[in-house]
Amino acid sequence: MPTVTMTVNGRNVSVDVEPHTLLVQALREKLRLTGTHVGCDTSQCGACVVHVNGRAIKSCTMLAVQAQGADVITIEGLANGSKLHPMQEAFRDNHGLQCGFCTPGMIMSAVDIVKRKGNDLDEHTIREELEGNLCRCTGYHNIVKAIAAGAKAMKSGARA
Amino acid sequence: MSATGIGARVRRVEDQRFITGRGQYTDDIHRPYETRAYFVRSPHAHATIKSIDKRKAEKMPGVLAVLTGEDVAADKLGDLFCGWMVLSKDGSPMKAGSHPALAKGKVRYVGDHVAVVIAETLDQAKNATAEVKVDYGVLPAVADLRKARDPKAAQIHDNAPKNTVYEWVLGDQAAVDAAFAQAKHVTRLEMVNNRLIPNAIEPRAAIGEYEPGTDTYTLWSTSQNPHVLRLGLSAFIGLCPEHKFRVISPDVGGGFGSKIFIYPEETVCIWASKKVGRPVRWTAERSESFQADAHGRDHVTTGELALDANGKMLALRVKTLANLGGYLSTFSSAVPTFLYAPLLSGQYAIPAIVCEVDGVYTNTAPVDAYRGAGRPEACFVIERLVEVAARELNMDPAELRRRNFVTQFPYQTPVASLYDAGDYKASLEKAIQIADYKNFGRRRQESERRGKLRGVGFSAYIEACGVAPSNLVGQLGAGVGLWESAEISVTPTGMVEVLTGSHSHGQSHETTFAQLVSDRLGIPMNHISVVHGDTDKVQFGMGTYGSRSGPVGMSAIVVAVDKVIAKAKKVAAHILEAAEADIEFKDGKFTVVGTDKSAAFGEIALAAYVAHKFPTAEIEPGLKEHAFYDPTNFTFPAGTHICEVEIDPQTGVTEIANWVAVDDFGTVINPMVVEGQVHGGIAQGVGQALLEGCVYDDSGQLVTGSYMDYTMPRADNLPSFKVDYTTTKCPSNPLGMKGCGEAGAIAAPVALINAITNAVGHEDVPMPATSKAVWHALQKTERRKAAE
Ligand code: FES
Ligand code: FES
């Protein structure tokens, strides 16, 4: 059984995995970081999005062994202690979630969108950039609002 | 209105755990020594099982058990059941076929449950399923409901000749025939309500655990109604006595109906946990969700609307063929009958209506309630007919509606519904104003200048929510009553636990229920917690579906809160040394009328528990009350959606240019939450009309078995929505609420199809109206114009 050593949410971890274990399985089942979800088996729902070395990745499309040496941030590691990330706050303030199942992936994708596209995001850009994330509850209306607001809030100081 | 009272946009209490990744969904829970289940599913739509050889699989590494239908039968585990008896016109009962948790002798759809492997790890279970050798005798299959009753069609259940479950009717055939004979105009449409796959983003999951020391079972499940699941598994399927069985539905990631039902997988997990002596867990892969979650809709309908010379509606005749799939799922029989035909009158005074529904078996997944359940289908029928009638009569579709609206309440429709309150004209006019309908022509010209086609469509929907008055549904064949229960438990320090039989899987109950109680008791929201989803904590409940948590679930809470206040007043009378009749409760304070003597809610709670200052022979110590609230009528949310589309005639691609929804939900507790429900509902409706369609091929293979082939609405398929309200209070419940969970999904598909057909100038546009379908419709219009 290979061992993967990586940094997850700022902590060094080593986990024993099968060669075919997916990163999402290692996170959920070995590290019990169950905030990262699995919503499909064809890499299309985005419920599993985490950041690997600063980029948003669908953790169901990556083998755990590929994360050897990587710096991984999951939804559990996004807040700064008890201070929420502005994007998390924005999702709450704008009712950007209902059942909450897609939410971790949405928030992780949203932070990545801001990093790539900047803090002034128009509706069209947000909608196109959310191509990889499915939500069945919200009709996306409030997710789009939340991301626009979160993007602005990220500019005004809080860490990205 | 206080910052957290009824009507306030309070941020959600539940969000903290979801935005930080600390939700607890079923698959997040792990039990000591748990094992993994993986199912052997039928690759055939219809086949006999000649034999199953499981010897090799049983010897595979890590395998603890391989169980089949033989084992289910040997343990005398009862069949899965359909809980709503529907009678045919001739009075005969519906033909419910046998439905064992694991197939016995025969499989009836692709994905049907043939065997389960239970192993130490998921990999081991999966590897072993490959070694379960099933010898199938493949039979011809019938997947298309239109072919189900062909004399040569495959016979799916022995007790259902011609694959017919029932032939049902509601309404007065003779009155309808007489009215049609008098009609100046008849609009006739053939309509297909496309089959959908629900696709909550959290797949179904279950963990069953048997505890031999106490002979008790615990099932964690993604259920919308844990008590009903417990009742069904114990009383009908015969797993164990009800009091030996606990069901927990923790955080659930969306349901939309698909998580109401009692499925084979959870039945097998809880049953097998005793057989292997360890917890058994299963989580659906998305492909399993596609194959084996109950699907929705799938109707073929002929509708005819008779009108007089002034556009007054005279009668409606509807004939529907409804696909119920390979087995009758838990509430399936009621969906195309009692949840459908009673809404066919729409918002209109139509003197005579008749609706015939034939339900058929096919070799497809069971079909059951999916967001709206019967009501989107009914709304589609009446609102398509009305829109097309207006076009045929050269009338403004809004004007034709105005002429026919029900305006006097209560209004008894000819199809059993008793509308209690509404102002349909108000919502129509408000929507027209917000949509700037009067300038539509200008916008259409502007689109044409850009080479685009523009269309507008209305949907003046009505639905029946708040299921349901128990004695009424009993008469209609329901196996259970549909009241709701609540318990208000006040602690000695004045904190309040609200235990509810409703279940939240996205509906925000932890917030809105607390808002209601806070408003009623005058205490801060953070002194209140809402408990749901655990049969060991909540005494009973019927769960959440049919937009019932507001009108029924919250009504139960109101009744229980009022009982708490009544008892607290008795205690307060002793503490404040006054007559009970002189105690007034307001803003969290008990006051002796006309004096400044008062005590806060928390003080009285403490006094009730300390019990020093009142005679306990007259007033029991403690402060805890419960209620069972049974509604007296359904509720009737209604409103108007107006959709505007722009179509590229070169490609057939439809873009939604504007969406206005004006809804009358009665009292609204939290508009932010309600608007979220409307947005989500519209998105699902747009999905149905534009993108989603479940396809089986002729051999019964599921063609749309993953997100590669089944098109889910994504952010870039949808616009932002304009949502507004009009309000008439519901007279039948204490809060005046009507329910809002399904409205969007009911109203949206027909608004969109009305808009698209308006743009392309042809009524024959199927759902989903893909670019290809729209393009073909445009070619028909071109040919017609050329011929003219
Ligand atoms: S689980 Fe669906 S994209 Fe990863
Ligand atoms: S909030 Fe439920 S799937 Fe997005």
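The values are calculated or read from the model by the stated rules, or taken from the named source; none is laboratory data. Since we're looking at a predicted model, the values are computed, not measured. A quick note on method: Cβ atoms are made from the backbone with ideal geometry, for glycine too, and the neighbour counts reach across all protein chains shown. For accessibility, only protein heavy atoms count, side chains too; no ligands or nucleic acids. Shrake-Rupley method; radii C 1.70, N 1.55, O 1.52, S 1.80 Å.
Annotation for segment B:547-590: GluC sites (Glu not before Pro) lying in DSSP loop with at most 13 further Cβ atoms inside 10 Å of their Cβ are B:Glu577. Database remark: amide H of B:Val695 closer than 5 angstrom to the amide H of B:Val703, B:Thr704 (H placed geometrically; neighbours at sequence offset of 5 or more, or on other chains; Pro and chain starts carry no H).
Under the shape rule built on the C-alpha gyration tensor, where the axes satisfy a ≥ b ≥ c, chain B is oblate, since a/c reaches at least 1.5 while a/b does not exceed b/c. Could you state the angle between the C-alpha long axis of helix A:141-155 and the longest principal axis of the C-alpha atoms of chain A, as a value from 0 to 90 degrees rounded to the nearest 10? The two axes meet at around 80 degrees.
Take every pair of alpha-carbon atoms less than 8 Å apart whose residues are at least six positions apart; their mean separation over the length of segment A:5-57 yields a relative contact order of 18 percent. Here is the list for segment B:152-226: trypsin sites (Lys or Arg not before Pro) lying in DSSP coil, each with at most 12 other C-beta atoms within 10 angstrom of its C-beta, are B:Lys152.
Cross-link partners of B:Lys738 among aspartates and glutamates, defined as those whose alpha carbon lies under 12 angstrom from its own and excluding same-chain residues fewer than eight positions apart: B:Asp420, B:Glu463, B:Asp663, B:Asp664.
Taking only protein heavy atoms and a 1.4 Å probe, the accessible area of chain B is 51% carbon and sulfur. Each Cα pair under 8 Å and six or more residues apart adds its sequence gap; the mean of these over the residue count of chain A is a relative contact order of 24 percent. In the context of the full set of protein chains, segment B:128-220 has a per residue accessible area of 45 Å² (1.4 Å probe). Computed from protein heavy atoms with a 1.4 Å probe, the total accessible area buried between B and A is close to 4300 Å². Rounded to the nearest 10 degrees, the inclination of helix A:103-117 to the longest alpha-carbon principal axis of chain A is 70 degrees. For chain B, the membrane-span-like helices by this rule, meaning whole DSSP H stretches whose C-alpha atoms cover at least 18 Å of axis and whose Kyte-Doolittle mean is 0.0 or above, are B:375-392, B:555-575, B:671-686, B:743-760; this says nothing about an actual membrane.
Under a 5 Å amide H to amide H cut-off, with H placed in plane at 1.01 Å, what residues pair with A:Thr21 once short-range neighbours are removed? The list, which skips near neighbours in sequence, is A:Ala64.
Stretching the chain fully between B:Asp562 and B:Phe405 yields a gain of 52.7 nm (0.36 nm per residue, less the alpha carbon separation).
Our estimate of slack between B:Val695 and B:Lys729, defined as 0.36 nm per intervening residue step minus the Cα-Cα distance, is 8.0 nm. Entry note, the protein assembly as shown: the mean residue ellipticity at 222 nm calculated from DSSP H runs of n ≥ 4, each adding -39500 (n - 2.57), is -8000 deg cm²/dmol after division by the residues and rounding to the nearest 500. Between amide H atoms placed 1.01 Å from N, distances below 5 Å from B:Gly97 occur with B:Leu328, all of them 5 or more places distant or on a separate chain. Scanning chain A for trypsin sites (Lys or Arg not before Pro) that sit in a DSSP loop and have at most 13 other Cβ atoms within 10 Å, the longest stretch containing none of them is A:33-158. Ordering of B:693-704, B:303-314 by packing is B:303-314, B:693-704, highest average first (other Cβ atoms within 10 Å, averaged per residue). The mean number of Cβ atoms from other chains found within 10 Å of a Cβ in peptide B:120-129 is 1, as a whole number.
When the C-alpha to C-alpha distance is required to be over 30 Å, the pairs from B:Lys106/B:Lys772; A:Lys145/B:Lys425; B:Lys537/B:Lys570 that qualify are B:Lys106/B:Lys772; A:Lys145/B:Lys425. Counting only protein heavy atoms and a probe of 1.4 Å, the accessible surface of segment A:86-155 is 45% carbon and sulfur.
Within 10 Å of each Cβ of B:715-725, how many other protein chain Cβ atoms are there on average? Averaged over the peptide's residues, the number is 5. Counted by Cβ distance under 11 Å from B:Val176, the other residues give a net charge of -3, where Lys and Arg count +1 and Asp and Glu count -1. Other protein chain C-beta atoms within 10 Å of residue C-beta, averaged over B:199-207: 5. Of the listed pairs A:Lys58/B:Lys56; A:Lys30/B:Lys244; B:Lys152/B:Lys780; B:Lys319/B:Lys438; B:Lys59/B:Lys104; B:Lys50/B:Lys274, which have alpha-carbon separations greater than 30 Å here? Correct reply: A:Lys58/B:Lys56; A:Lys30/B:Lys244; B:Lys152/B:Lys780; B:Lys319/B:Lys438.
A simple spin-label model places the labels of B:Ser2 and A:Glu128 4.8 nm from each other, with each point 7 Å out along Cα-to-Cβ.
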